[in-house]
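Below is one structure, written out as structure tokens; the observations come after it.
The values are calculated or read from the model by the stated rules, or taken from the named source; none is laboratory data. Computed from a prediction, not measured in an experiment: that's the story for all the values here. Here the Cβ positions follow ideal geometry from the backbone for every residue, glycine too, while neighbour counts run over all protein chains shown. Heavy atoms of the whole protein, side chains included, go into the accessibility calculation; ligands, DNA and RNA do not. Shrake-Rupley method; radii C 1.70, N 1.55, O 1.52, S 1.80 Å.
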Amino acid sequence: MISEETKINAEVISVYPDRVKISVDKLEDFKIAEESLRVGSYLKISDNENVMLIAIIENFSIEVNDKGEKKYLIEANPLGVLKDGKFIRGGDSIAIPPKKVEPATEDEINTIYCNAFSEQEKFVFSSLASNERIRIPINGNKFFNKHIAVVGSTGSGKSHTVATIIQKAVKAKNGEFQLNNSHVVIFDIHSEYKSAFPDANFIDISNLVLPYWLLNSEELEEILLETGERDNYNQSSVFRTLVTENKKKHNQGQTKIFYDSPVYFDIDEVINAINNYRNETVNSKCSDRYMIDDNTYTIIGGSTDVNSGIKMTSSERIAMYFEGEHVFHPTKNQNITKGDYADGTLDKFSIRFQSKVSQDRLSFLFGPESKTVTFEKILLQLLGYAPDNHANVTLIDLSGVPFEVLSITVSLISRIIFEYGYFYKRLRNRAKPEEKINNDIPILLVYEEAHKYVPNSDLSKYRSAKQSIERIAKEGRKYGVTLLLASQRPSEISETIFSQCNNFIAMRLTNPNDQNYVKKLLPDTLGKLIDKMPTLKAGEALLVGEAIILPSIVQIDECENPPSSNDIPFWELWKEEWKDLAITEIKAEWRK
Ligand SMILES: Nc1ncnc2c1ncn2[C@@H]1O[C@H](COP(=O)(O)OP(=O)(O)OP(=O)(O)O)[C@@H](O)[C@H]1O
Ligand SMILES: [Mg+2]
């Protein structure tokens, strides 16, 4: 008689590197703690208790033989080996053919996840989707020091996931103190995170100051110059010279001043100079004499002679033109001709330029404060170090930023923060060359709807943001600046950026293009787990990457204060009594 223990109900019938096939006689007995198995459940395959191969069920099928007897076939994906309580990825240390196969117990699965990392490193924000009692710790260092992607269709739970992760990260502490040293900057395009982070350092269009003089050449030209216009070359060369000269004028102590140097210049003085160029007249007999009509030159007998006009070198001329708009003697006299740029080529540029600079909606770039604010103040504000408000989370609400400068705004802020990391590292390394940690105030930058700022597109309007963010994607790790990109259209994000992500939270994704794109970027060993992507529930995700011991389908914890992105209960709202529309308030908001 066969004893209970040796009776074989299930056996391994074939082993491939990426798959094991198991035949089960009585499926109703092949379960553990009365929980039936399903796709995604774990099996252990072993010959002895010390070493066991852990595999995840990928599919079931039923075979009926000639006698009408049913046999159940299970295909499972081997994940790794549990040996003396420690889990190792990969599974070739098991003797073939292994005989015993059983469902893994909750304890065994827990052991895999729990023993994966030291207590110090653990960061937990989810449970196993198939068993919520099993918490899924990930390695917090490996998670935050490489870039993170959160992808999923609309309503799959990306914003809630981002909120959960950051809420938990900023609450974690190693001891008794008020604020920990976590630093997160969120670019909030839909203004939905304020409710999730009530204590955040909140920046929106009303208090954002990003002075124009911090823009690099590409960004400045993107805003101020007309692309593709015939006279573009003229415009940009005049503009470059004037900006460079004006930067030199205002930063005389500094030796190396270039067009791109992030130092103050006075944009109104540049406008003065452009307008002087437009109106300029010169002495046709002596081309370095400029006919400024302020009685300093003589007109003899209604005509100019060779000594009329103010003689100036080109740098004296620029300096004088910065000072204000001058009146020029008209060209009626045949000895007075128009200046080089006074043929109308700068007219449109000047008008466009002045209208941009005076626009109310762009006052965060060009307004009065942009001339008085200091670099230090901007950096401290962006990093949550404002004197009266130290904050772990800085929330940059972009909803009021005009669309045409959105990319530039994001680009500039990202660049300032990256360069902070870069120079901070340089400073630390110089002070203490033996120092191993390059940046002891590392920063996470969170981009909601990342495809909007860094699309897979070469259009010039995205160029600056792409450059800044791609640079962080490639080099940020060394300087303590990490990206978290959330997107519902992963296939539309710059591939350079996306392929640098090491940890993925892939939520429900229904668009086949996006699915394929994400599949390409994920490791091959995922097997059929990845096919579950279209069927995940809200808040469920496939968690893959360096920071997790095993790719797993998890349920992300609900966040404490949700972002204001909740589904609207249409059906219930529609059944309520007719509501009045606050049209005056809506209009006022619209026009703000
Ligand atoms: N972890 C979770 N547990 C339970 N429900 C969740 C979870 N995450 C999200 N949800 C629910 O799913 C809905 C959509 O979530 P969320 O706004 O985060 O989606 P999203 O992916 O950011 O969508 P969109 O791309 O449109 O911004 C919300 O109503 C929320 O209550
Ligand atoms: Mg969202």
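If you project the alpha carbons of the chain onto the principal axes, what extent comes out on each, in Å, largest first?
134, 70, 52
Where both residues lie in the chain, what percent of DSSP beta bridges are antiparallel, nearest 5? Intermediate values should be presented prior to the final figure.
Working: 66 of 93 bridges.
Restricted to the chain, the bridges split so that about 70 percent are antiparallel.
What accessible area per residue, rounded to a whole number of Å², is obtained for the chain using a probe radius of 1.4 Å?
On the way: 30400 Å² over 592 residues.
Result: 51 Å² of accessible area for each residue.
For the Cα atoms of the chain, what angle does the longest principal axis make with the long axis of helix 314-323, in degrees from 0 to 90, nearest 10?
Value to nearest ten degrees: 80.
Please give the direction-averaged projected area of the C-alpha convex hull for region 483-592, in square nanometres with one decimal.
In nm², the orientation-averaged hull projection of region 483-592 is 11.0.
If I take R0 = 56 Å and measure r between the Cβ atoms of Glu106 and Glu585 in this structure, what FRET efficiency does the formula 1/(1 + (r/R0)^6) give, to the nearest 0.05?
So the FRET efficiency works out to roughly 0.55.
Evaluate the charge dipole of the chain about its Cα centre and quote only its size in Debye, nearest 20, assuming +1 on the Cβ of each Lys and Arg and -1 on the Cβ of each Asp and Glu.
Result for the chain is approximately 1340 debye, rounded to the nearest 20.
Hey, if you put +1 on the Cβ of every Lys and Arg and -1 on every Asp and Glu Cβ in region 214-356, which of His329, Tyr259, Asn279 ends up farthest toward the positive end of that dipole?
It is His329, whose Cα lies furthest towards the positive end.
What's the FRET efficiency of Lys478 with Ser355 using the Cβ-Cβ distance as r and R₀ = 41 Å, to the nearest 0.05?
0.45
Which lysines does Lys587 reach when only Cα atoms under 21 Å apart count, and residues fewer than 8 places away in its own chain are ignored?
Lys579
Tell me which lysines have Cα within less than 16 Å of Lys478's Cα, excluding those fewer than 8 residues away on the same chain?
Reachable lysines: Lys142, Lys146, Lys425, Lys436.
Using packing as a proxy for protection, rank 172-185, 355-368, 280-293 so that the peptide with the highest average count of other Cβ atoms within 10 Å comes first.
280-293, 355-368, 172-185
With point charges of +1 on the Cβ of Lys and Arg and -1 on the Cβ of Asp and Glu, referenced to the Cα centre of region 10-112, which listed residue (Tyr16, Leu37, Thr111) lies farthest in the positive direction of the dipole?
After comparing all options, I get Tyr16.
How do 187-194, 158-165 rank on mean C-beta neighbours within 10 Å, highest first? Let's see the in-between values first.
On the way: 187-194: 20.2, 158-165: 23.8.
Answer by packing, highest mean first, reads 158-165, 187-194.
Tell me, in nm to one decimal, what length is gained between Glu121 and Asp340 on full extension, where the rule is 0.36 nm per residue of separation less the Cα-Cα distance?
Separation in residues times 0.36 nm, less the Cα-Cα distance, equals 72.2 nm.
Starting from 0.36 nm per residue, how many nanometres of slack lie between Lys371 and Asn50 once their C-alpha separation is accounted for?
108.5 nm
Starting from the amide H of Ile134, placed 1.01 Å from N in the peptide plane, find each other amide H under 5 Å away whose residue is 5 or more places distant or on another chain.
When sequence neighbours closer than 5 places are left aside, the close amide H contacts are Leu128.
Magnitude of the Cβ-charge dipole of region 387-511, K/R +1 and D/E -1, about the Cα centre, nearest 20 debye?
460
Stretched out fully, how many nm does the piece from Ser195 to Glu11 gain, at 0.36 nm a residue minus the Cα gap?
Answer, rounded to one decimal: 60.9 nm.
At a Förster distance of 22 Å, what's the computed FRET efficiency of Gln467 paired with Ser236, Cβ-Cβ distance as r, to 0.05?
After rounding to 0.05, the efficiency reads 0.75.
For every helix of n ≥ 4 consecutive DSSP H residues, a contribution of -39,500 (n - 2.57) applies; sum these over the chain, divide by its total residues, and give [θ] at 222 nm rounded to the nearest 500 deg cm²/dmol.
Numbers: 17 runs with 180 residues, N = 592.
Helices in the chain give a 222 nm mean residue ellipticity of -9000 deg cm²/dmol.
Measure nothing fancy, just the Cα-based angle from helix 232-250's long axis to the longest principal axis of the chain, in degrees from 0 to 90, nearest 10.
Approximately 80 degrees, to the nearest ten.
Using label points projected 7 Å from each Cα along Cα→Cβ, tell me how many nm separate Glu404 and Leu573, to one decimal.
3.3
Per residue, what volume in Å³ does the Cα convex hull of region 361-471 take up?
Hull volume normalised by residue count: 140 Å³.
Roughly how many nanometres apart are two label points built 7 Å out from the Cα toward the Cβ at Ser36 and Lys311?
In this crude spin-label approximation the distance works out to 10.3 nm.
Give me the dipole magnitude in Debye, nearest 20, for region 214-356 about the Cα centre, with unit charges on the beta carbon: positive for Lys and Arg, negative for Asp and Glu.
Dipole magnitude for region 214-356 comes out near 360 debye.
Considering only protein heavy atoms and a probe of 1.4 Å, how much of the accessible area of the chain is carbon and sulfur, as a whole percent?
50
Which semi-axes, in whole Å and largest first, does the equivalent ellipsoid of region 214-356 have when worked out from the alpha carbon gyration tensor as the square roots of 5 times its eigenvalues?
30, 18, 11
Order 11-21, 143-153 from most to least packed using the mean count of other Cβ atoms within 10 Å. Present the calculation step by step, with values, prior to reporting the outcome.
Details: 11-21: 15.1, 143-153: 24.1.
Packing order, densest peptide first, comes out as 143-153, 11-21.
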